[in-house]
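Taken together, the values in this text are just the output of simple stated rules run on the coordinates, not laboratory data. Just so it is clear, the structure is predicted and the values come from calculations on it, not from any experiment. Here the Cβ positions follow ideal geometry from the backbone for every residue, glycine too, while neighbour counts run over all protein chains shown.
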Amino acid sequence: MRAGDHVHHKPSGEDWLVAWADHTTGYMSPCGWPTCQALISDCVITHEASDGESHEITEQLRKSGRSDANKASALAQEDGR
C-alpha cells in the first residue's frame with residue numbers, strides 16, 4: 001500500500017484514497033478531512049496507483065498544507081518516488 005492507492009476500510013465500510021502508508025508502524029491515513037489513521041491490516045487495496053498517480057497525490061499533499069504532508073513526502077522518498 002502506498003499514496004494514491006484506493007482501499008476499502010473493512011471496519012467502516014468506506015472506500016478511501018491513501019495519503020500515506022507507514023509499513024513500519026502498520027498505520028495508514030486516507031486523504032480527506034478530518035485527518036485520521038487506520039491500521040493497514042484493516043484495509044483491502046481495490047486499485048493500485050501507478051507511479052505517476054502516487055507521485056501526484058504526494059505532490060498535492062505537499063501543496064495542501066495538511067498537517068501530515070511532511071510524513072507523506074518522507075514515506076514517498078523512502079519508496080523512491
* Asked: Of the residues GLU48, GLU59, GLU14, which exhibits the maximal mean-square fluctuation in a Gaussian network model of the chain defined by a 10 Å Cα contact cut-off?
  -> GLU14
* Asked: Taking amide H positions as placed 1.01 Å from N in the peptide plane, with prolines and chain starts having none, which residues 5 or more places from HIS47, or on another chain, fall under 5 Å of its amide H?
  -> HIS6
* Per-residue ellipticity at 222 nm for the chain, helices alone: DSSP H runs ≥ 4 residues times -39500 (n - 2.57), over residue total, nearest 500 deg cm²/dmol? -> -9000 deg cm²/dmol
* Asked: In whole percent, what relative contact order does region 6-78 give with Cα contacts below 8 Å and a gap of six or more residues?
  -> 29
* To do: Among CYS43, CYS36, CYS31, rank each residue by its count of other Cβ atoms within 10 Å, from fewest to most, as a rough exposure measure.
  => CYS36, CYS31, CYS43
* **Translational diffusion coefficient (Stokes-Einstein; Kirkwood radius from C-alpha pairs) of the chain at 37 °C, 0.692 mPa s, in µm²/s** => 267
* Please identify, among GLY52, GLY13, GLY26, the residue showing maximal mean-square fluctuation in a Gaussian network model of the chain using a 10 angstrom Cα cutoff. => GLY13
* Taking Cα atoms, how many degrees apart are the long axis of helix 51-64 and the longest axis of the chain, rounded to 10 and kept between 0 and 90? -> 80
* **Pairwise label distance in nanometres, ASP15 with ASP79, each label 7 Å out on the Cα-Cβ vector** => 2.0
* For the chain, build the charge dipole from Cβ charges (+1 Lys, Arg; -1 Asp, Glu) around the Cα centre, then report which of ALA38, SER54, MET1 sits farthest towards its positive end. => ALA38
